[in-house]
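Right, one structure below, let's go through it.
The values are calculated or read from the model by the stated rules, or taken from the named source; none is laboratory data. Predicted model, so just to flag it, every value in this text is computed and none were measured. Note: ideal-geometry Cβ built from the backbone for every residue, glycine included; neighbour counts use all protein chains shown. Accessible surface areas use protein heavy atoms only, side chains included; no ligands, DNA or RNA. Shrake-Rupley method; radii C 1.70, N 1.55, O 1.52, S 1.80 Å.
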Amino acid sequence: MSQSRGITITTTGVPIYALILLAAIFAFGLFVVGYDQGHLFSVIMGETAFEESYLHELTHDMRHAAGFPCH
Amino acid sequence: MKTALFIAIVLAAGCFAGTIHGLANLAIVEPYLDEAIGIENQNLFASGEEEDTPQFQVEYDSYRIWQKGGQVLAGAILGTSIGALFGIVFALSRKILPGNNHVKKALVLSGIMWFTIYLIPFLKYPANPPTVGDADTVVLRAILYLSFIAISGFGAVGFYQLLKRLEKRKRFVAFIGYAAFLSTAFLLMPENPDEVTAPMDLVNGFRAMSVVAVSIFWISLGVILGALWQKYNPDKQIQTKTY
C-alpha cells in the first residue's frame, strides 16, 4: 500500500538580488533629489545640463526642506 | 518570501510617505522658502545683478511654480529612495524588532532611523533656507552631511552588534559607547563653512517646520509599510512537497 507524506516549508529569507535592487533605488533616488547639479541630464544634453539644472530646480524646495545642502 | 510583493510594498510605502512629505512641505515649509527667496531677490536687486522688472517677475513666478510642483514629485522620489533603504533594514531586522504586529515593529524602526540618520546629522548640520549657503562650498557641505549620516547610521549598526554580544545587564555600555562615538564625531567633523546671514527668526522657523515635515514622513513610512506588510504578508510563502 502506498503512503503519501507532506512537509511544509516556510521561507522568510530575503533574496540578495532584492536587497541589491533596493540599494540601487536608494542610491539613485538620493542622488537625484539630494545631489544632482545637472549630472544626469548631461549624459544627453552635455554641458548645457549643468547650466539649466532642471533636476536641481525641480527638487530645489524638497532639497532645502529635507536638509540637503543646496547652493 | 514573495520577493515581488516585498519590493512592491516597500516602494509603494516609500512613495506614499514621500508624497505626504511633499504635501506637508507645501503647507508648512513653503512660506519660509518664499520669504527666503524674496530676500535673495532683494539682494540681487541691491547688488545690481538683476533688475526688478515685470519680465523678472514673470520668469521668477514661472520657475517658482516649477519648484513648488517639484516639491511633491521630489517627495515621492526621495520617499521611494528612503523607503527602499527602510525596506532593506526592516526585512533584515523585523524578527528582532519589538512589537506584536508589523505596524508597531515598523514604527519602532522608523523612530530609530529618524533619530540616527536624520535627527543627529541635522543637529550637526541643520537645514538652511535659500539665502544661506555659498555655491562654492556646496560640494564640501554635501560631503560633510552625507558623511555624518553614514557615521551615525553605521555607528548605530556597529554598536547594535556590540549590544547583541553583551549580557543584558551590561547592554547600557553599547548606548554609552554610541553616545561617546557620536560626541567625538561632533567635535571632529568640521563646522558648516557658511555664515548664516538671513534673519534668525526665518532660519529657526524654517528649521522647526523642516523637522516637523521630515518627522511626518518617517511616521507615515512606518505606519504605511507596517500596515501593508501586515495586510499582504510577503513572508507567507508556503511550499508543500508531497512524496
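For chain B, the longest principal axis of the Cα atoms and the long axis of helix B:200-232 meet at an angle of about 30 degrees. Heavy atoms of chains A and B lose about 4200 Å² of accessible surface on contact, summed over both sides with a 1.4 Å probe. For region B:1-106, the set of GluC sites (Glu not before Pro) satisfying both a DSSP loop assignment and a count of at most 10 other C-beta atoms within 10 Å is given as B:E49, B:E51. Note that region B:13-29 has calculated 3J(HN,Hα) couplings of 4, x, 5, 5, 5, x, 5, 4, 4, x, 5, 4, 4, 4, 6, 10, 9 Hz, one per residue in order, obtained from phi through the Karplus relation 6.51 cos²θ - 1.76 cosθ + 1.60 (θ = phi - 60°); glycine and proline are x. For region B:173-189, putting each phi into the Karplus relation 6.51 cos²θ - 1.76 cosθ + 1.60 with θ = phi - 60° gives couplings of 4, 5, 5, 5, x, 5, 5, 5, 4, 5, 4, 4, 4, 4, 6, 7, 5 Hz, in residue order, rounded to whole numbers and with x for Gly and Pro. Entry note, chain B: relative contact order of 39 percent, from Cα contacts under 8 Å with a spacing of 6+ residues.
In the context of the full protein assembly, B:W66 retains an accessible surface of approximately 120 Å², using a probe radius of 1.4 Å and ignoring ligands and nucleic acids. When the listed pairs B:K124/B:K168; B:K104/B:K231; B:K105/B:K164 are checked against a 21 Å cut-off, the alpha-carbon distance exceeds it for B:K124/B:K168.
The label-point distance for B:F154 and B:I219, in a model that sets each label 7 Å from Cα toward Cβ, rounds to 3.3 nm. Partner shielding of B:64-74 amounts to 5, given as the average count of beta-carbon atoms from other chains within 10 Å of each residue beta-carbon. Other protein chain C-beta atoms within 10 Å of residue C-beta, averaged over B:212-221: 1.
Legend: mean number of C-beta atoms from other chains within 10 angstrom of residue C-beta atoms, peptide B:80-93, equals 5. Between B:A8 and B:V196, the contour length at 0.36 nm per residue exceeds the alpha carbon distance by 63.5 nm. In this structure, B:V58 and B:S147 have a Cβ-Cβ separation that, at R0 = 41 Å, corresponds to a calculated FRET efficiency of about 0.50. The figure for B:L146 is an accessible area of roughly 70 square angstrom, using a 1.4 Å probe on the protein chains alone.
Computed from backbone phi with θ = phi - 60° and the Karplus coefficients 6.51, -1.76 and 1.60, the 3J(HN,Hα) list for region B:143-159 is 5, 4, 5, 5, 4, 5, 4, 5, 4, 5, x, 5, x, 4, 5, x, 6 Hz; x is used for glycine and proline.
Secondary-structure-derived ellipticity at 222 nm for the protein assembly as shown, considering helices only, amounts to -24000 deg cm²/dmol, per-run term -39500 (n - 2.57) for DSSP H runs with n ≥ 4.
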